[in-house]
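Below: one structure, written as structure tokens.
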Amino acid sequence: MAELTGATVTEVLATSTGGVGTHLRSVLPTLAAAGADVRVCGPRATEELFGFTATGAGFAEVGISAGLAPAADLRAVRALRRATAGSDLVHAHGLRAGGVAALAGRRPLVLTLHNAAPPGGGLRRRVLDAAERATVRAADVVLAASADLAANARRLGARDVRVAPVSAPPLPPPGRSRGEVRAELGLAGDRPLVLAVGRLHPQKGYDVLLDALVRGVDGDPLVAVAGDGPLHDALAARVTAGALPVTLLGRRTDVADLLAAADVVVLPSVWEARSLTAQEALRAGVPLVATAVGGIPELVGDAAVLVPAGDATALAGALGGLLADPGRRAALAAAGQRQAAGWPDETATAAGLVAVYRELLARR
């Protein structure tokens, strides 16, 4: 496959510790195999975490933060303009990267929307809304990870919007047994394990998960949370103060092992597009309780238990009910794997990008 031979493609992302960086890292080999000279622009920490250059891609440091920072953004625009000199196509991942790329002025510009704009109000909300509108209108093609993101981009005036599902890269096989993982976590007997995976960030709804545990979850599960982020200290303090059955594991590289040991996966997010955690859980055959937000319902179909976002009582009831019903857990596990079999894999996801790039480059 050499559809992009001779083309210089620049991929741009802001600060990422999770899904965006994981997705970008997974598609780089296919872009290179298509003949593209691929460069990645973003914060140095993203390269250190995801290792983009290990795929053969070039890397240029451009300090795009996750939050609004006008002075830093202007520096990022100048740095990106220099870094993209000679690029035939620029692809920005996320609104923050997209805004900087739009101001840098390189075309054609592809924008992938992985997340919705954060909630809020006041002047900051108006500024963010204006920036979002300008960014989606500047892109030649907007790729949306879920249908609700696509609908919003069209509402804001984007010229060409396409739903482009983001696939979670396959996890390696578990390296340890269920018993070994449970022993590490201090689980005795048949006490159930509920697993949450994701950044410790307000979007992920961990405050509601703790509220659910305060109300009480039948079965007395241990809840293990794999991930790091800005809410770590606040969550840890609340767990300690309330003597809650939660262990914060930090960032983990053994998610496959944790999934193999889990009885249920919980995803209490305020919003998600095409959650990598949900994909990993269903592929692994682990029953999932998630919030009915964003792209989650279209992703999981009937293969998960869905509850309203922010409803701790409903979340506690769904977790307790599932833990008390082994037959339902087994049925959901099987349904999840059937649902996952119909998703595009990362090869198909990357091939879709190659097709979009070819189309745009042919217009030049």
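Here the range 1-60 is the region considered, the condition is being of a type in the set (S, T, N, Q), in contact with a Lys or Arg (Cβ under 9 Å, 6 or more places away or on another chain) and under 23 Å from L113 (Cβ atoms), and the residue that is surrounded by the most Cβ atoms within 10 Å (Cβ to Cβ) is T10. Taking the range 187-229 as the range and being on the phi > 0 side of the Ramachandran plot, in contact with a strand residue (DSSP E or B) (Cβ under 8 Å, 6 or more places away or on another chain) and assigned to a loop (DSSP other than H, G, I, E, B) as the test, the residues that pass are G198, G205.
Residues in the range 236-262 that are over 15 Å from E280 (Cβ atoms) and either crowded, with 20+ Cβ neighbours inside 10 Å or of a type in the set (V, I, T) (or both): 4 in all.
So which of G250, G301, G229, G310 ends up being within 15 Å of the chain's Cα centre (by Cα), closer than 24 Å to H114 by Cβ and touching a residue at least 12 places away in the same chain (Cβ under 8 Å)? Only one candidate qualifies: G229.
Within the range 282-298, the residues that satisfy the criterion of being of a type in the set (A, V, I, L, M, F, W, C) and under 20 Å from N115 (Cα atoms) are A290, A292, V293, I296. There is no residue in the range 305-321 that is closer than 19 Å to V255 by Cβ and in contact with a Ser or Thr (Cβ under 6 Å, 6 or more places away or on another chain). Looking only at the range 135-192, residues that are within 24 Å of A281 (Cβ to Cβ) and polar (S, T, N, Q) come to 3 in all. Looking only at residues in the range 61-105 that are of a type in the set (D, E, K, R) and in contact with a Pro (Cβ under 9 Å, 6 or more places away or on another chain), the one that is surrounded by the most Cβ atoms within 10 Å (Cβ to Cβ) is D88.
Residue-by-condition table, conditions (1) under 19 Å from L193 (Cα atoms); (2) among the small types (G, A, S); (3) in contact with an Asp or Glu (Cβ under 7 Å, 6 or more places away or on another chain); (4) surrounded by fewer than 20 Cβ atoms within 10 Å (Cβ to Cβ):
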| position | (1), (2), (3), (4) |
| --- | --- |
| G301 | no, yes, no, yes |
| A324 | yes, yes, yes, yes |
| A331 | yes, yes, no, yes |
| A341 | no, yes, no, yes |
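Restricted to helices (runs of 4 or more DSSP H) entirely inside the range 247-364, those with at least 1 residues that are touching a Lys or Arg at 6+ places or on another chain (Cβ under 6 Å) and more than 18 Å from L143 (Cβ to Cβ) are 255-261, 312-323, 326-341. Any idea which residue in the range 145-161 is nearest to A69 (Cα to Cα), counting only those that are in contact (Cβ under 8 Å) with a residue 60 or more places away in the chain and not in a loop (DSSP other than H, G, I, E, B)? Ranking the qualifying residues of the range 145-161, first place goes to L149. Taken over the range 150-166, the criterion of being buried (at least 20 other Cβ atoms within 10 Å of the Cβ) and within 18 Å of V27 (Cβ to Cβ) is satisfied by A164, P165, V166. Considering the conditions (1) out of contact with any His (no Cβ under 9 Å at 6 or more places or on another chain); (2) without any contact (Cβ under 8 Å) to a residue 60 or more places away in the chain, L89 is excluded by exactly one of them, (2).
Read the figures in this text as sums done on the coordinates, not as results from a lab. Everything numeric in this text was worked out from a predicted model, so none of it was measured. In this analysis, Cβ positions are derived from the backbone assuming ideal geometry, glycine residues included, and neighbour counts consider all displayed protein chains.
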